[in-house]
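Visitor: What follows is a structure written as structure tokens; I'll ask about it next.
The values are calculated or read from the model by the stated rules, or taken from the named source; none is laboratory data. Worth saying up front: this structure is predicted, and the values here are computed from it rather than measured. For neighbour counting, all protein chains shown are included, and Cβ atoms are generated from backbone atoms with ideal geometry for every residue, glycine included. Ligands, DNA and RNA are excluded from the accessible area calculation, which covers all protein heavy atoms including side chains. Shrake-Rupley method; radii C 1.70, N 1.55, O 1.52, S 1.80 Å.
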Amino acid sequence: MAITSSAKKALRSSENKRVVNLRRKNAIASVVKQVKKLVSEKKMKEAEALLPSAFQAIDKAAAIHFIHKNAAARRKSRLAALFAKK
């Protein structure tokens, strides 16, 4: 258990960061999963409508350094490539 006040503050801070990171991770995962599901079901119009929100979630994660900017670019590229295949 934390003894010093700075250690207690570090615990509070890390808990807040964990919550924010978990929220960001779930936002990315859910929207990407929806897009992939719609593409697999050949519902291209609905998937294309969700694509900007997927890009937005990925960009926001990169902006707060949750994921690296190159990782964000790679994820966006792979999502866009799904539409080129179908």
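Visitor: Computing the accessible area with a 1.4 Å probe over protein heavy atoms, can you report the carbon and sulfur percentage for the stretch 23-86?
Guide: Values: 2410 of 4460 Å².
C and S atoms contribute 54 percent here.
Visitor: Here's a follow-up. Once phi is turned into θ = phi - 60°, what whole-Hz ³J(HN,Hα) does the Karplus curve with 6.51, -1.76 and 1.60 give for every residue of the stretch 43-59, x standing for Gly and Pro?
Guide: With the stated coefficients, the stretch 43-59 comes to 9, 5, 4, 5, 5, 5, 5, 7, 4, x, 5, 5, 4, 5, 4, 5, 5 Hz.
Visitor: Taking only DSSP H segments of four or more residues, each worth -39500 (n - 2.57), what value at 222 nm results for the chain once the sum is divided by all its residues, to the nearest 500 deg cm²/dmol?
Guide: Taken over the chain, the calculation gives -30000 deg cm²/dmol.
Visitor: Could I ask something else about it? Put +1 on the Cβ of each Lys and Arg and -1 on the Cβ of each Asp and Glu in the chain; which of PHE83, MET1, VAL35 then has its Cα farthest toward the positive end of the dipole?
Guide: Ranked along the dipole, the leading option is MET1.
Visitor: Among (i) 1.44; (ii) 1.20; (iii) 1.38, which is the computed Cα Rg over 2.2 N^0.38 Å?
Guide: Evaluating Cα Rg over 2.2 N^0.38 Å on these atoms matches (i).
Visitor: Something else now. Can you give me the long-range amide H partners of LYS43? Hydrogens built in the peptide plane at 1.01 Å from N, cutoff under 5 Å, separation of 5 or more residues or another chain.
Guide: For LYS43, no residues qualify.
Visitor: Okay, next question. Please report the relative contact order for the chain, taking Cα pairs under 8 Å with a sequence separation of at least 6, and give it as a percent rounded to a whole number. It would help to have the intermediate numbers written out before the result.
Guide: Working: 43 pairs, mean separation 21.3, N = 86.
Reported relative contact order: 25 percent.
Visitor: Hey, another quick one. How big is the dipole moment of the chain about its Cα centre under a simple scheme where the beta carbon of each Lys and Arg is +1, that of each Asp and Glu is -1, and everything else is neutral? Debye, nearest 20, please. Walk me through the numbers before you get to the answer.
Guide: Working: 22 positive and 5 negative charges, 34 e Å.
For this selection, approximately 160 debye.
Visitor: Something else: Using a 1.4 Å probe, what is the accessible area per residue for the chain, in Å²?
Guide: On the way: 6430 Å² over 86 residues.
It amounts to 75 Å² per residue over the chain.
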